[in-house]
């Protein structure tokens, strides 16, 4: 296969470069780039978004193809890097639910119940996987997946083609998103942490008063039952807080 660089000019070159950025972002964007979405679907979405976005950003790309293959490879590599950076930062937002799920599972005694997370294709706590799947479903149900599509167009404002990567600003944004996601996960699990402290303190007193009581066999069922009751009562608030955080965080890319 031979690539003729003079033929890569105008709209064809722009489409190639836009697809490089969009395709990289589609692999990582929340709700779109999860492992549960088939690769062919993500490919079709990337091609469609690239086709729609190319006319609007054509002016930011060079009209003529680079003179050498190395220059073209560097240009494509810059676009892929920009797409991976924005997509990875957007994926960090979803980690808030995993953090909350792990803390909740550890508190109510389900941390050892590891299941496959279809969104990341990894093993995780069953509560974290449940919250991640529910959060992904609610993103689509509330049409917030449009923010992920809008982040693709917004990436051209944050990372213009051909410009040097603003490493300082990107590092600050990554730190902000990571800290905010961890803080939100801790806040979502806060009721369960308070409940765990109270019930373990009560069981500790009970163990001192009745040393002959097998406290482990009493504590585990009570812990799991009360944990599920609290989750049933708090699930709506947990997802609402996450969706608000998702909307605010994804708005930084628009």
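If you plug the beta carbon distance of residue 252 and residue 207 into 1/(1 + (r/R0)^6) with R0 = 35 Å, you get a FRET efficiency near 0.10.
This ranking places 158, 138, 210, 25 by how few other beta-carbon atoms lie within 10 Å of each, fewest first, which gives 210, 138, 158, 25. Put simply, when 216-224, 129-137 are sorted by average Cβ atoms within 10 angstrom per residue, most first, you get 129-137, 216-224.
Relative to the longest principal axis of the Cα atoms of the chain, the long axis of helix 145-158 makes an angle of roughly 50 degrees. Extension gain, residue 146 to residue 58, is 29.5 nm, computed as 0.36 nm per intervening residue step minus the present C-alpha separation.
Taking the longest Cα principal axis of the chain as reference, the axis of helix 167-188 is set at about 30 degrees. Every helix of 4 or more DSSP H residues in the chain counts as -39500 (n - 2.57), and over all residues that averages to -25500 deg cm²/dmol at 222 nm. The candidate values are (i) 0.98; (ii) 0.94; (iii) 1.14; the one derived from this structure for Rg/Rh (Cα atoms, Kirkwood Rh) carries the label (iii).
Per residue, the convex hull spanned by the Cα atoms of segment 129-224 measures out at 143 cubic angstrom. Helix 190-209 axis versus longest C-alpha principal axis of the chain: approximately 30°, rounded to the nearest ten.
Read the figures in this text as sums done on the coordinates, not as results from a lab. This structure is a prediction, so every number in the text was calculated from the model and none was measured. Positions of Cβ are generated from backbone atoms using ideal geometry, with glycine treated the same way; all protein chains shown enter the neighbour counts.
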